[in-house]
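Everything on this sheet refers to the single structure shown next.
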Amino acid sequence: MSVSSDQQVLVAAQGTAPTTHTQLALWVQEVAALTQPDSVYWVDGSREENDRLAAELVAGGTFTPLNQELFPHSFAAFSDPKDVARVEERTFICSKEEKDAGFTNNWMDPAEMKAILTDRFSGSMRGRTMYVIPFVMGPLDAEEPQYGVEITDSAYVVVSMRIMARIGTEVLRKMEAEHAFFVPALHSVGAPLEPGQADVPWPCNDEKWIVHFPEERSIWSYGSGYGGNALLGKKCYALRIASVIARDEGWLAEHMLLLKLTSPEGKAYNVAAAFPSACGKTNLALLTPTIEGWKAETLGDDINWMRIGKEGELRGVNPEYGLFGVAPGTGWSTNPNAMRAIAKGNSVFTNVALTDDGGVWWEGMTDEVPAHLTDWQGNDWTPESGRPAAHPNSRFCTPISQVDMLAPEYYSPDGVEIHAILFGGRRKTTIPLVAEARSWTNGIFMGATLSSETTAAAAGAVGVVRRDPMAMLPFMGYNAGDYLNHWDSIAAKANPERLPKIFLVNWFRRTPEGGFAWPGFGDNSRVLKWAIERIEGKADAVETPIGFVPTGDSIDLTGLEDFTPADVEVAVRVDREEWKAELASIEEWFASFGEALPQSLKDELAGLEERLGA
Ligand SMILES: Nc1nc2c(ncn2[C@@H]2O[C@H](COP(=O)(O)OP(=O)(O)OP(=O)(O)O)[C@@H](O)[C@H]2O)c(=O)[nH]1
Ligand SMILES: O=C([O-])CC(=O)C(=O)O
Ligand SMILES: [Mn+2]
């Protein structure tokens, strides 16, 4: 885009553009003209600025300061009860052609959508400050830093973005020096204030739009202030838009944690794992192994950008800077590493409960349940209340640097080589604790047919089984058939010797008695040990129609009381009748792709059918 010097002077005269990045200056000016904020503020990312915004949020009632001794520099926020999770039915991929969004995404013609959004954003920031947040996903010293700029009218978003991404002046200066492309990410809570009108603690709009323009690589988000709807670097950019960039450039943007494991012999393995929202990524990423001699280090807990390296190896980088973790179930017994990171402070908690001494609490944080709390909606709460004190999708937002077990390679712009990929979901039945894929392509089949019961991380019914390919169903920025073809094409670019081994896992299987078939959490290290020993060619396995599962005694149960090899066999059982029902559901799922389904996956399905004798 070229710009006349007159325009530049105009931009500078209005004081809205302390930047030499022409496109950015023009975009900011254009958005300010559309949304009509009271003022425009460029976020520098400093601690001082953060403290000032936090103080304003306290004064406005959005933030409740926590007891500094328990949670230094930390705050609790409580959202509008109608704005508590991602809204998938309001999320759109507005590619030029409908077929490029595919059957798994909502679509609207981009021009039509722009007209609607232009109307909604018109005057939407009246009475508010418009914040301009330069950010980069991944290290700033990456070969090609992936820049973005979020414009938002929410100070809560600014404070949260500072935790979740690298933001501020340093990013802006580098972006300017490189005349770099950035993803414009526009956000408004959609609650303009008339002169004299008092604000509410959590402004939002009942009408929500989470919209992506993949060809333009831009994002427009309206009406919600919560999580992935509003912190646009996360799901909107690092998954939906990045998946499109990745398709075009030959890499992968995936919904995966990244974990480094070191064996007692000192050999390091990096494991990437794709689980749907609220299905255990953050917990596995912060794992405390319960087996002697194994060390775990965190690389990432939600998003993994993978490229083929110089030697044909698959390498992964976590583009994020913080954790946005599900609070309930995160506790001193299940996830002490997360608890220690949180206890260092500098965190924002949303929709958790407050303790009487100014701390936070949620279901599962401690074994002992407090006698009295203030619940997430501000009501008195006691254990007899008969309702959860924290919202099921309440979250902690904490800098990843506070994780004691953070791997040094987290900071490496080249990332790490991936040695194993896990695909996992939340299934009460059918899916074994772990199964090793027969081959890379069979592993892609496991990913493509991944299924899970829905959770509170998205608005809508909870507990419904749905197919969630590679845990990306709500995050693919393009046609799902093209997405599977893209996965199918990766092997051709890689050194076949260096391709990771793929495993299907399920921590959530139930026994016929109804309890969890596997203790989970830190004990998942036992499953990871088996997977690594399979890579090393050491552990035993039984071949089943769906892949190789552990023999009862090939999983290390040392120190695990009351759990026997017979229990392992229950957890890994592949039941033919259950799998015949599963097969029917997979066939139905694959049929929805029509001709777009890669031949390799059709062949995999036929192979499974044959092995099941179906
Ligand atoms: N039974 C059992 N529950 C688990 C296990 N791992 C995690 N959970 C529970 O699953 C819920 C979600 O776990 P997280 O680790 O936060 O899930 P996530 O995949 O990071 O979720 P998002 O951040 O929404 O993407 C929490 O309530 C956990 O306590 C496990 O191994 N076994
Ligand atoms: O995006 C969010 O709001 C939270 C999250 O990590 C998910 O839902 O997977
Ligand atoms: Mn998580």
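Every number here is computed from the coordinates shown, using simple stated rules; none is lab data. Because the structure is predicted, anything quoted here is derived from the model rather than measured. Positions of Cβ are generated from backbone atoms using ideal geometry, with glycine treated the same way; all protein chains shown enter the neighbour counts.
Brief remarks follow.
- Computed from point charges on the beta carbon alone (+1 for Lys and Arg, -1 for Asp and Glu), the dipole magnitude for region 323-402 about its Cα centre is near 460 Debye.
- The chain shape via C-alpha gyration tensor axes, a/c threshold 1.5: prolate
- Dipole in debye (nearest 20) - region 136-266, about Cα centre, beta carbon charges: Lys, Arg +1; Asp, Glu -1: 300
- Neighbour-count ranking [beta-carbon atoms within 10 angstrom, fewest first] of 302, 540, 100: 540, 100, 302
- Rounded to 5, percent antiparallel among DSSP beta bridges of the chain: 65
- Rounded Å value of the spacing that divides the Cα centres of region 235-262 and region 501-545: 25
- A Cβ-based charge dipole, computed about the Cα centre of the chain with Lys and Arg at +1 and Asp and Glu at -1, lands at about 340 debye.
- Summary value for the chain: 14 percent relative contact order, contacts being C-alpha pairs under 8 angstrom separated by 6+ residues.
- Loop-located trypsin sites (Lys or Arg not before Pro) in region 279-325, at most 12 other Cβ atoms within 10 Å (DSSP): 310
- Restricting the GluC sites (Glu not before Pro) of region 221-266 to loop positions (DSSP other than H, G, I, E, B) with no more than 15 neighbouring Cβ atoms within 10 Å leaves 265.
- Loop-resident sites, region 558-600, for GluC sites (Glu not before Pro), counting at most 12 other Cβ within 10 Å (DSSP): 561
- Exposure proxy ranking for 434, 570, based on other Cβ atoms within 10 angstrom of each Cβ and starting from the fewest, stands as 570, 434.
- For region 24-39, backbone phi angles converted through the Karplus equation (6.51, -1.76, 1.60; θ = phi - 60°) give residue-by-residue couplings of 5, 4, 5, 5, 4, 5, 4, 5, 4, 5, 6, 8, 6, x, 5, 7 Hz, Gly and Pro being listed as x.
- Selection among 484, 345, 286 by position relative to the dipole of the chain gives 484 as farthest towards the positive end (Cβ unit charges, Cα centre).
- Cubic angstrom per residue, convex hull over Cα atoms of region 323-402: 82
- Mean-position separation - Cα centroids, region 449-481 and region 91-126, in angstrom: 21
- Distant-in-sequence amide H partners of residue 365 (H built 1.01 Å from N, under 5 Å): 329
- Expected 222 nm ellipticity per residue - DSSP helices of 4 or more, -39500 (n - 2.57), all of the chain, to 500: -8000 deg cm²/dmol
- Computed on region 231-272, with alpha-carbon pairs under 8 angstrom and 6+ residues apart, the relative contact order is 26 percent.
- One Cα centroid belongs to region 280-308, the other to region 314-337; the line between them spans 8 Å.
- Cα-based shape type of region 342-476, given that a ≥ b ≥ c are square roots of the gyration tensor eigenvalues and the cut on a/c is 1.5: oblate
- In region 154-247, Cα pairs under 8 Å separated by at least six residues give a relative contact order of 28 percent.
- 3J(HN,Hα) from dihedral phi, region 539-547, Karplus parametrisation 6.51/-1.76/1.60, rounded to Hz, x for glycine, proline: 8, 7, 8, 10, 7, 10, x, 9, x
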